[in-house]
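Everything below concerns the one structure shown next.
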């Protein structure tokens, strides 16, 4: 039998570069889970944005250490200031990684950055017109859903990656915060619907007045509405509350990420944009209705299409990378209130059915494969050259 890349490298110290936001990191959890299962004794270091230190601590079973990426030109997720880059590069080289995995994106400057870590071996993705560094690099699998892209790289390295299911572990502290939130606001999880109008980019946001109209319709049916968001989104969530004619709980700025995830786990339904919370709902197996504006739903939609309904309109300009839409935001405005309400009612009917049990966080390999294949026909990308190679 041919020796695999991962067997050849036999890494003990592994760097994983993924300097992105919550939803992006959640979608990489299946690959990290496969990596840990294959290499239980390896030390795995996540290199990411400053906020992700807490993410690494939450996933301590998968991640042993965390390093902050200080920023660089071409990485717009934080200020593109390279003042800290030389010291960061020296620190990464001093770690003497056996393997550095570029799990950030399609290649290009991310490959150049990761190659500078000085690891003994490299793995990642490469763009069609790119000559990647030596190592196990595969073409960017553009047709796959996001979690399966990183699983594809694991498989190319010789690692079994049977499941694309997301997961979000809750701590005792999360559950205590959740219980305090329920008591403080008089929440009733059995009839609770979470409305989450925020998203990092304005181009990804459905109008708050439409969220308000949906919330009013659901409240009229006896459902308790709670509007959630970060402290920085209070102005946006207040617009939803202010446009409503029925009462709702205003929880923006009052929840830690863990408490919000626990709230999602106990709620009947989440109504949100295509943002990090939609991936939290997928991880917690809570039914959702997602209004997806601007994004590539083939890539970002949850794999369980029964449990998570995604509504999207496709004008010619979609998918887009604009922070703010320059064309009048047709992809958002073409989704009316009525279809969102209709899908929400359908999801709530399923959520209250006796037979509606949440699937486990780690479905069988066959179930995971079926879910992925139902979304898109998968063709494993072909490896590029490198030594050692895939």
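What do you reckon, is residue 169 surrounded by fewer than 21 Cβ atoms within 10 Å (Cβ to Cβ), more than 20 Å from residue 250 (Cβ to Cβ) and touching a helix residue (DSSP H, G or I) at 6+ places or on another chain (Cβ under 9 Å)? Judged against the criteria, residue 169 is a match. Is it the case, given these coordinates, that residue 177 is under 18 Å from residue 253 (Cα atoms) and either outside any loop (DSSP other than H, G, I, E, B) or modelled with pLDDT of 95 or more (or both)? Answer is yes for this residue.
Condition check ((1) modelled with pLDDT under 95; (2) under 19 Å from the mean Cα position of the chain (by Cα)) across all residues:
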residue: 281; (1), (2): no, yes
residue: 291; (1), (2): no, yes
residue: 305; (1), (2): yes, yes
residue: 313; (1), (2): yes, no
residue: 319; (1), (2): yes, yes
residue: 329; (1), (2): yes, no
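Look at (1) touching a residue at least 40 places away in the same chain (Cβ under 8 Å); (2) part of a loop (DSSP other than H, G, I, E, B) and you find that residue 1 fails only one, number (1).
Screening the stretch 181-197 for residues that are within 27 Å of the chain's Cα centre (by Cα) and assigned to a helix (DSSP H, G or I) and picking the one that is surrounded by the fewest Cβ atoms within 10 Å (Cβ to Cβ) gives 190.
Regarding the stretch 28-39, can at least one residue be identified that is free of Cβ contacts under 8 Å to residues at least 24 places away in the same chain and within 20 Å of residue 150 (Cα to Cα)? No. Applying a threshold of 9 Å to beta carbon distances and a minimum spacing of six or more residues, or different chains, the list of pairs starting in the stretch 304-315 at a residue that is closer than 26 Å to residue 163 by Cβ and assigned by TED's automatic domain parsing to the domain that holds residue 353 and ending at one that is at pLDDT 90 or above and surrounded by fewer than 19 Cβ atoms within 10 Å (Cβ to Cβ) reads 306/350; 307/350; 309/346. Selection of the stretch 297-355 for residues being at positive phi and either surrounded by fewer than 15 Cβ atoms within 10 Å (Cβ to Cβ) or part of a helix (DSSP H, G or I) (or both) yields only 328.
So in the stretch 226-246, with the set limited to residues that are more than 18 Å from residue 183 (Cβ to Cβ) and touching a strand residue (DSSP E or B) at 6+ places or on another chain (Cβ under 8 Å), which one is surrounded by the fewest Cβ atoms within 10 Å (Cβ to Cβ)? The residue in question is 246.
The values are calculated or read from the model by the stated rules, or taken from the named source; none is laboratory data. Keep in mind that what you see is a predicted model, and the values were worked out from it rather than measured. All Cβ positions, even for glycine, are placed from backbone atoms using ideal geometry, and neighbour counts span all protein chains on display.
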